[in-house]
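Taking it in order: structure first as structure tokens, then the write-up.
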Amino acid sequence: MGSPKHHERLDHDYTIDQAWETYTPEEHATWCTLFERQVRLVPSGACEAFAAGLTKLDLNEGGIPDFRRLNEKLMALTGWQVVAVPDLVPDAAFFEMLAGRRFPAGRFIRKPSQLDYIEEPDVFHDVFGHVPMLTHPVFADFMEAYGKGGLRSLKFDALDHLARLYWYTVEFGLVKADDGLRVYGAGIISSKAETEFSLKDPSPNRIGFDLLRVMRTDYRIDDFQQTYFVIDSIEHLMEACSVDFAPLYGELETAADLTPEALTPTDHVLHWGTQAHAAAHPSTTTGETA
Ligand code: HBI
Ligand code: FE
């Protein structure tokens with residue numbers, strides 16, 4: 001999956017031409033199927049910033065968005081650009097792109113047989129899941145700061161810790177709203193089942209975001225999360241992460257990792273999960289290296 005096929009010519013920075021004209025009618029139809037399914041979750045499940053971004057970008061023009069047109073809108077809103085990549089890009093290249101306000105999006109789209117689950121990020125996950133949040137000015141800055149922090153983290157051998165921050169925020173983050181919790185994480189909002197699970201199910205823990213705590217916490221890549229971290233607002237996330245990470249990396253060297261379901265005495269627990277789902281679906285793998 002995600003192999004470049006006829007788009008083999010790699011630019012040195014891992015980006016490829018989206019070659020929008022070469023998507024097949026079947027591929028556009030897969031986008032529409034996924035879009036119609038997921039867009040229904042937005043009014044009750046997604047945070048305001050995501051819903052507003054989705055409206056501004058007009059992603060339902062009848063198929064896979066053409067990045068050239070998408071980028072005109074996105075550039076005008078927050079100065080971000082979406083660039084096509086064939087696959088996961090190496091960490092340093094990924095950080096370099098984010099630091100330059102360029103978001104790498106998979107060019108390929110999943111097959112109709114993989115509507116619910118794919119291992120690698122495809123154009124639907126990347127564009128529907130991530131790009132609406134990039135229209136929010138503070139979130140847009142957060143993503144750039146994450147990229148810059150990622151580049152710095154390479155010197156500290158702290159990549160695993162920093163990857164957990166991305167995982168528990170950008171991919172699987174929840175945010176407080178007036179009437180309860182909402183999703184802002186792309187990994188949740190591109191999954192119908194996990195949107196419902198993360199917001200409503202008694203199984204997972206839901207705890208207040210704490211930067212050091214998040215960077216200590218291992219995560220599951222093979223099932224729903226056992227813990228979701230809740231931010232007060234995007235502004236609060238940005239503020240909490242606008243600190244020097246170097247001393248934190250020092251602390252993390254000696255602090256023990258926490259398991260995905262762990263609760264600690266200092267956690268601000270919003271919901272103490274039963275972990276019934278996890279008990280019924282034992283983990284086959286955990287951690288940031290698949
Ligand atoms: N590459 N295309 C792509 N998309 C990602 O989300 C991505 C990546 N490379 C590395 C990576 N994510 C993560 O390991 C970083 O958060 C560390
Ligand atoms: Fe993602």
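The values are calculated or read from the model by the stated rules, or taken from the named source; none is laboratory data. Note that the structure is predicted; figures quoted are calculated from it, not measured. Every residue, glycine among them, receives a Cβ derived from its backbone with ideal geometry; neighbour counts consider all protein chains shown. For the accessible areas, the whole protein counts, side chains as well, though only heavy atoms, and no ligand, DNA or RNA atoms are used. Shrake-Rupley method; radii C 1.70, N 1.55, O 1.52, S 1.80 Å.
Annotation: aspartates and glutamates with alpha-carbon distance below 18 angstrom to Lys111 (same-chain offsets under eight excluded): Glu26, Glu27, Glu36, Asp87, Glu119, Glu120, Asp122, Asp126. Report, for the chain, the % of DSSP beta bridges that are antiparallel, rounded to 5. Roughly 35 percent of the beta bridges in the chain run antiparallel, per DSSP. Computed on region 15-287, with alpha-carbon pairs under 8 angstrom and 6+ residues apart, the relative contact order is 18 percent.
Evaluated at q = 0.09, 0.10, 0.14, 0.15 Å⁻¹, the base-10 log of the normalised Debye intensity for the chain, with identical point scatterers placed on the Cα atoms, takes the values -0.41, -0.51, -1.05, -1.22. Solvent-accessible surface of protein heavy atoms, probed at 1.4 angstrom with all chains present, puts Trp272, Trp31, Trp20 in the order Trp272, Trp20, Trp31, largest first.
The residue list Leu165, Ala19, Thr55 was ranked by how far each Cα lies along the charge dipole of region 15-287 toward its positive end, using unit charges on Cβ atoms, and Thr55 comes out on top. On the principal axes of its alpha carbon atoms, region 29-112 extends 36, 31, 24 Å, with the longest extent given first. The distance between label points at Ala19 and Ser113 comes to 2.3 nm (points 7 Å beyond Cα on the Cα→Cβ vector). Distance between the 7 Å Cα→Cβ label points at Thr274 and Ala52: 3.7 nm. Would you work out what percent of the accessible area of the chain, with all protein chains in place, is carbon or sulfur (probe 1.4 Å)? That fraction is 54 percent. Distance between the modelled labels on Leu263 and Ala93, one decimal in nanometres: 4.3 nm (7 Å Cα→Cβ projection).
Here's the list of lysines a cross-link from Lys56 could span, going by alpha-carbon distance under 18 Å and ignoring same-chain residues fewer than 8 apart: Lys73. Each residue was assigned an accessible area with a 1.4 Å probe, and for Lys111 the value is about 120 Å².
Going by accessible surface with a 1.4 Å probe and the largest first, Tyr117, Tyr249 read Tyr117, Tyr249.
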